[in-house]
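Report on the structure given below.
Derivation of every value follows stated rules applied to the coordinates shown; laboratory data play no part. In this text, all values refer to a predicted model and were calculated from it rather than measured experimentally. In this analysis, Cβ positions are derived from the backbone assuming ideal geometry, glycine residues included, and neighbour counts consider all displayed protein chains.
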Amino acid sequence: MIKTKKKNDNYYTPKWVWKELSFFLKEKGIKRIYEPFNSIYDEKSIESRDTLRRLGFEVVGSPLYNPMTNENSFFDNSIDQDSFDAVVSNIPFSKKKWVIEHLVQMDKPFCILIPPYALCAKYVKKLNMDEIGIVIPSDRIDFDNCKRPHKHPSKWEALFLTYKMGGELIMLKKD
């Protein structure tokens, strides 16, 4: 089990970000998405699955994660690799190093949200530069935080790190 300092990873991506990204994913021929980061304790965590489905993707997911027992952890999950074209997710930022390493080990295309500073991390720099790309949303993302629902959403810089989806820099545009 991967242990990190207690951090709040319960920040959720608004629908407009997934909508912007959908054009890129469709252009890359992605039809079936694996979205693994969903929790039994937070209904909001499955909104990305629902949004991606409404945008026309087939979304597969592992059973919901139980943080109390670590049951259905992404790191222990053995999903059928042929059931999806790419992993697309807003990953838990506190576990980004391990998530990226695990995704690369899976050797499937992925498109994940990360903070920009993570591009300078050793675990990203050691990736094959011909296999990674960056997709930048049109605006800062106003993440929803389920732990503080009455607080205004937090606007942060974030971008998508891609793997095996073309080594390019893409700037998304508002439609």
ask   = Relative to the present Cα-Cα distance, how much length would full extension add between Ile79 and Asp107 at 0.36 nm per residue of separation?
value = 8.8 nm
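Quick check: residue separation of Lys97 and Ile136 times 0.36 nm, minus the Cα distance between them. What number comes out in nm?
On the way: separation 39, 0.36 × 39 = 14.04 nm, distance 1.99 nm.
Full-extension gain reported as 12.1 nm.
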query = Given Lys19/Lys126; Lys31/Lys96; Lys15/Lys126; Lys31/Lys122; Lys122/Lys174; Lys125/Lys173, which pairs have Cα atoms separated by over 29 Å?
reply = Lys19/Lys126; Lys15/Lys126; Lys31/Lys122; Lys122/Lys174
key: Per-residue Cβ neighbour rank within 10 angstrom, fewest leading, Cys111, Cys120   = Cys120, Cys111
